[in-house]
Amino acid sequence: MAPSVATPQDWLRTFEAAVRARDFAGGRELFATDAMAFGTWARAVAGLDNIVREQWQNVWPRIRDFHFEGDTSVHASGDSAWIAGGWLTEVTGPDGRPVTRPGRGTFVLERRGGKWLAVHSHFSLLPSQSETAHGRLPGDAARS
C-alpha cells in the first residue's frame with residue numbers, strides 16, 4: 001500500500017519508489033481510475049486497468065533504478081498540479097550489458113477527496129536528431 005502523499009513532490013517520490021519496487025498495487029493508488037496515459041511502450045491508454053496492463057506491466061519489469069532528475073519541475077495551484085522532468089533508468093542492452101536509458105515525463109495531478117491522483121501521464125524517450133527518426137531534409141538526396 002502506498003503511503004499517504006501530502007504534496008505533489010511526495011507523490012512523485014512515492015511513484016518512483018513504486019516503479020523501482022515493481023509495486024503495481026502501490027502505483028495504482030496514485031492514479032485516478034479514469035486516467036489517460038501516453039507511454040514508451042503503449043501509444044495512448046485510457047483507464048487505470050489498461051495503463052497497468054498495457055504500459056506498466058510491459059516496462060517496469062524490464063527497468064532498474066527509475067528516478068526523476070533533480071531539476072524536475074513541480075507546480076501546484078489549488079487542487080491541480082503538474083510535474084515535468086527528465087528521468088533515468090537502467091535497462092539491459094542487446095549485448096547483455098547495462099545501459100542507461102534517459103527520457104522525460106509529465107504528470108497532471110488532481111486532488112480528489114483530499115488525495116493527489118494522476119489523471120494524465122506522458123512518458124517518452126529522449127528525442128533523436130537522426131535521419132532514421134525524422135527523415136532526410138529536402139535536397140539531401142541531391143548531396144548524397
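Laid out as a table, the results:
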item: Of all residues making up segment 76-120, the number that are loosely packed, with under 11 Cβ neighbours inside 10 Å and within 23 Å of Glu29 (Cα to Cα); result: 4
item: Hey, Arg62 farther than 23 Å from Pro127 by Cα and open to solvent by 10 Å² or more (accessible area, probe 1.4 Å) or not; result: no
item: Total residues in segment 19-50, condition basic (Lys, Arg), in contact (Cβ under 8 Å) with a residue 24 or more places away in the chain and more than 16 Å from Arg111 (Cα to Cα); result: 2
item: Any hit, segment 5-18, residues being in contact (Cβ under 8 Å) with a residue 24 or more places away in the chain, under 16 Å from Leu109 (Cα atoms), among the β-branched types (Val, Ile, Thr) and surrounded by fewer than 17 Cβ atoms within 10 Å (Cβ to Cβ); result: yes
item: Filtered residues of segment 30-59 (kept if hydrophobic (A, V, I, L, M, F, W, C) and open to solvent by less than 50 Å² (accessible area, probe 1.4 Å)); result: Leu30, Phe31, Ala32, Ala35, Ala37, Ala42, Val45, Leu48, Ile51, Val52, Trp56, Val59
item: Of all residues in segment 91-120 being free of Cβ contacts under 8 Å to residues at least 40 places away in the same chain and under 13 Å from the mean Cα position of the chain (by Cα), the one that is nearest to Asn58 (Cα to Cα); result: Arg101
item: Conditions (1) closer than 18 Å to Ala42 by Cα; (2) without any contact (Cβ under 8 Å) to a residue 60 or more places away in the chain; (3) not aliphatic (A, V, I, L, M): number failed by Ser73; result: (1)
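The values are calculated or read from the model by the stated rules, or taken from the named source; none is laboratory data. If you're wondering where the values come from, they're calculated on a predicted model, not measured in any experiment. Here the Cβ is made from the backbone with ideal geometry for all residues, glycine too, and neighbour counts use every protein chain on show. These area figures cover heavy atoms from the full protein model, side chains too; ligands, DNA and RNA do not enter into them. Shrake-Rupley method; radii C 1.70, N 1.55, O 1.52, S 1.80 Å.
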